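To keep things clear, I will list the structure first and then write my remarks on it.
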Amino acid sequence: MPSISGSNQEELTSYEIERNKPMPSLNHSAIQTNLATYLNYHFRKKYTILSEISLVMPEKPDAIPDLAIYPKIKIDYFEDQLAMEEMPLTAIEISSPSQSDSFIVKKINRYFKVGVKSCWFVMPSLQAISVYSEKGKYQFFSADMTLVDPVTGVELPLSEVFAE
């Protein structure tokens with residue numbers, strides 16, 4: 001069976017086949033939960049934070065960022081959407097053990113091509129996040145720093161992201 005681009009695995013799991021993305025790990029899951037919880041608690045009045053939402057891309061396949069930050073969206077629980085045609089302000093990608101850095105950077109460049117304004121590349125093993133404001137331009141934040149996204153104004157202590 002073929003592997004996902006950027007994956008080191010030979011065999012794909014049903015999760016990877018269905019979502020066209022690597023299987024998340026314990027660290028990935030914990031960081032995604034910490035990020036979503038912090039962002040939703042501190043910024044939910046201004047932004048809608050969505051986890052694992054499909055983005056309709058002009059060139060297939062569609063993309064599914066780990067988290068997406070949108071301007072505030074009125075949620076209608078009686079009318080659901082399977083995918084978003086409007087791009088988020090920010091796409092957040094958390095690397096998994098089977099992904100290469102170049103694979104994540106390609107995804108980030110793809111997001112910029114369709115109008116995403118900032119992208120976060122979360123690196124669990126470094127306890128760091130790079131915030132991209134355009135292709136090839138980023139700020140690097142490490143564990144003891146406070147991330148600042150110039151596009152959204154989000155400020156986030158990395159100690160909250162990498163908390164146990």
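Pick from region 65-94 the residues that are touching a Phe, Trp or Tyr at 6+ places or on another chain (Cβ under 7 Å) and hydroxyl-bearing (Ser, Thr, Tyr): which of them is surrounded by the fewest Cβ atoms within 10 Å (Cβ to Cβ)?
TYR70
May I ask you to verify whether LYS45 is modelled with pLDDT of 95 or more, in a loop (DSSP other than H, G, I, E, B) and not hydroxyl-bearing (Ser, Thr, Tyr)?
Yes; evaluated as a whole, the condition is true for this residue.
Quickly run through region 95-115 and pick out the residues that are touching a residue at least 24 places away in the same chain (Cβ under 8 Å), under 19 Å from PRO61 (Cα atoms) and not polar (S, T, N, Q).
The answer is PHE103, ILE104, LYS106, LYS107, ILE108, ARG110, TYR111, VAL114, GLY115.
Looking only at region 75-88, filter to residues that are at pLDDT 95 or above and of a type in the set (D, E, K, R); which one of those is farthest from TRP120 (Cα to Cα)?
Restricting to residues being at pLDDT 95 or above and of a type in the set (D, E, K, R), the top hit is GLU85.
Please count how many residues of region 116-155 are buried (at least 16 other Cβ atoms within 10 Å of the Cβ) and without any contact (Cβ under 8 Å) to a residue 12 or more places away in the chain.
Looking only at that region, the number is 1.
Consider only pairs whose beta carbons are under 7 Å apart and that are at least six residues apart or on different chains; among these, list those whose first residue lies in region 44-72 and is closer than 15 Å to GLU86 by Cβ and whose second residue is aliphatic (A, V, I, L, M) and surrounded by fewer than 12 Cβ atoms within 10 Å (Cβ to Cβ).
Qualifying pairs under 7 Å: SER54/LEU82.
Within region 115-129, which residues are within 17 Å of MET87 (Cβ to Cβ) and not aromatic (Phe, Trp, Tyr)?
Within region 115-129, GLY115, VAL116, LYS117, SER118, CYS119 meet the criteria.
Does region 94-108 hold any residues that are out of contact with any strand residue (DSSP E or B) (no Cβ under 8 Å at 6 or more places or on another chain) and in a loop (DSSP other than H, G, I, E, B), and which are they?
Listed by number, the residues that qualify are SER96, PRO97, SER100.
Pick out the one residue from ALA91, ALA68 that is among the aliphatic types (A, V, I, L, M), assigned to a strand (DSSP E or B) and either touching a helix residue (DSSP H, G or I) at 6+ places or on another chain (Cβ under 7 Å) or farther than 23 Å from LEU126 by Cα (or both).
After applying the criteria, what remains is ALA91.
For region 134-157, give me each residue that is under 16 Å from LEU89 (Cα atoms) and among the hydroxyl-bearing types (Ser, Thr, Tyr).
TYR138, THR152 - these are the residues of region 134-157 that are under 16 Å from LEU89 (Cα atoms) and among the hydroxyl-bearing types (Ser, Thr, Tyr).
Can you name the residue in region 6-32 that is among the hydroxyl-bearing types (Ser, Thr, Tyr) and in contact with a Ser or Thr (Cβ under 9 Å, 6 or more places away or on another chain) and, of all such residues, is modelled with the lowest pLDDT?
Looking at residues that are among the hydroxyl-bearing types (Ser, Thr, Tyr) and in contact with a Ser or Thr (Cβ under 9 Å, 6 or more places away or on another chain), I get SER7.
The values are calculated or read from the model by the stated rules, or taken from the named source; none is laboratory data. All figures in this text were calculated on a predicted structure; none of them were measured in a lab. Every residue, glycine as well, gets a Cβ built from its backbone with ideal geometry; the counts of neighbours run over all protein chains shown.
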